[in-house]
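All remarks here apply to the structure that follows.
The values are calculated or read from the model by the stated rules, or taken from the named source; none is laboratory data. None of the values given here were measured: they were computed from a predicted structure. Neighbour counts run over all protein chains shown; Cβ positions are idealised from the backbone, glycine included.
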Amino acid sequence: MDYATATNSPPPRTMQVPMQLYCQDHPEIFALDGEVQDARPGAVLLARSPVFPGGGWQLMDNATLAWSGGFMPIRAATGDARGLWHEFDGDAVVAGTGIGLVDGTPRA
């Protein structure tokens, strides 16, 4: 039975493809610099990141964001069509280059 017959509707025009995470291809990397692609108070979108955001019954990495303004623990990582947003407490706006630092102990 095809999709249209099973659901009584036409097939979807686009299928959403899961994001390929840097940490999935390079699980041995625990620190990685990434150019800031976008930022808002309390969140930054990096060009690349070693952080695993959690999912599939797996916890998010314990991670910290480092940049010229200091260090902030990453409290959440959520994906959108452009990549992985790193969320932290406070209203700082990160610019330039950010470095994702992962505590590798839980991955071992």
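A few remarks follow.
- Residues of segment 51-63 that are more than 18 Å from Glu35 (Cβ to Cβ) and surrounded by 12 or more Cβ atoms within 10 Å (Cβ to Cβ): Phe52, Pro53, Gly54, Gly55, Met60, Asp61, Asn62.
- Single match in Val44, Val17, Val36, Val51 (criterion: closer than 16 Å to Gly104 by Cα and either part of a loop (DSSP other than H, G, I, E, B) or at pLDDT 90 or above (or both)): Val51
- The conditions of being touching a Leu at 6+ places or on another chain (Cβ under 6 Å), assigned to a strand (DSSP E or B) and of a type in the set (Val, Ile, Thr) are met by Thr64.
- Residue that is farther than 21 Å from Pro106 by Cβ and of a type outside the set (S, T, N, Q), where the choices are Asp80, Asp61, Asp25: Asp80
- When Gly56, Gly104, Gly98 are checked against the criterion of being small (Gly, Ala, Ser) and over 20 Å from Phe30 (Cβ atoms), Gly56 stands alone in meeting it.
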